[in-house]
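> Here it is, the structure, as structure tokens.
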Amino acid sequence: MYADIAGARSIIEKKNKWQYECKTCKTRTTLQSGTVIHGSQLPLRYWFITMHLLTSTKKSFSAKELQRQLGHKHYEAIWTMLHKLRLAMGKRDDQYVLSGQIELDEGFFSTEVKPEDKDKPTKRGRGSQKKSKVLVMVESKDAEGEITKKGKSRKAGYLKMQVIPDLNAETINEQVATYISEDASLITDDSTSYVDLENMVDQHQT
């Protein structure tokens, strides 16, 4: 909170201006300083409502819909706020690695075909232009107190989903080295894309 007043020992709260002032050097700072909200002229209420909407629903919010819900006149300010928060969330995602027991597999998600590929014959299967390859990595934990017919129930922890250009072992290895801890226990199928993973983590089970 006082990052902008380095070494300050005694600070005065300026309640009428929402600021804090160092008694010695008179340098001032605010609660927004050094945060994603720094320099914004929008009400703090807008920021907290937007954070709530972004993190409490599976559906994404467009800036236009957010502007409507907040009742703000200017679209550009809401668009900027929304993208600042999305950028901060993306940076947070890069700051942690997965650990413990992890399940890893690839998924294929429908995507738009590039204009230059629309007239080309459509491939089927993994190489289809209509599918994006996504590597899915998710922490798998025991769900305390929950027992099913197959034994202890499990729940998902943190997860990462990365769009990848291909399913080559080298591509998979690069993602695992970046996002999974070396002491992790990894569970995958027996695809040839995963042949090197036993050398990259503590345990690899297929």
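> Here are the criteria: (1) more than 13 Å from A77 (Cα to Cα); (2) modelled with pLDDT of 90 or more. Tell me which single one Q19 does not satisfy.
Here Q19 meets the rest and fails (2).
> Can you tell me which residue within segment 151-168, out of those that are free of Cβ contacts under 8 Å to residues at least 12 places away in the same chain and either surrounded by 12 or more Cβ atoms within 10 Å (Cβ to Cβ) or of a type in the set (G, A, S) (or both), is farthest from D93 (Cα to Cα)?
The selected residue is G151.
> Confirm whether K64 is farther than 30 Å from S10 by Cα, free of Cβ contacts under 8 Å to residues at least 24 places away in the same chain and assigned to a helix (DSSP H, G or I).
yes
> Looking only at residues in segment 28-59 that are part of a loop (DSSP other than H, G, I, E, B), hydrophobic (A, V, I, L, M, F, W, C) and touching a residue at least 24 places away in the same chain (Cβ under 8 Å), which one is surrounded by the fewest Cβ atoms within 10 Å (Cβ to Cβ)?
Among those residues, the one meeting the criterion is L31.
> Something else: Of the residues that make up segment 169-180, is at least one modelled with pLDDT of 90 or more, surrounded by fewer than 11 Cβ atoms within 10 Å (Cβ to Cβ), not assigned by TED's automatic domain parsing to the domain that holds M89 and not β-branched (V, I, T)?
Yes, segment 169-180 has at least one match.
Residue by residue, here is whether (1) under 20 Å from the mean Cα position of the chain (by Cα); (2) at pLDDT 75 or above holds:
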position	(1), (2)
S99	yes, yes
D105	yes, yes
S110	no, yes
K123	no, no
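The values are calculated or read from the model by the stated rules, or taken from the named source; none is laboratory data. Nothing here was measured: the structure is a model prediction, and the numbers come from that model. No Cβ is skipped: glycine too gets one built from the backbone with ideal geometry, and neighbour counts run over all protein chains shown.
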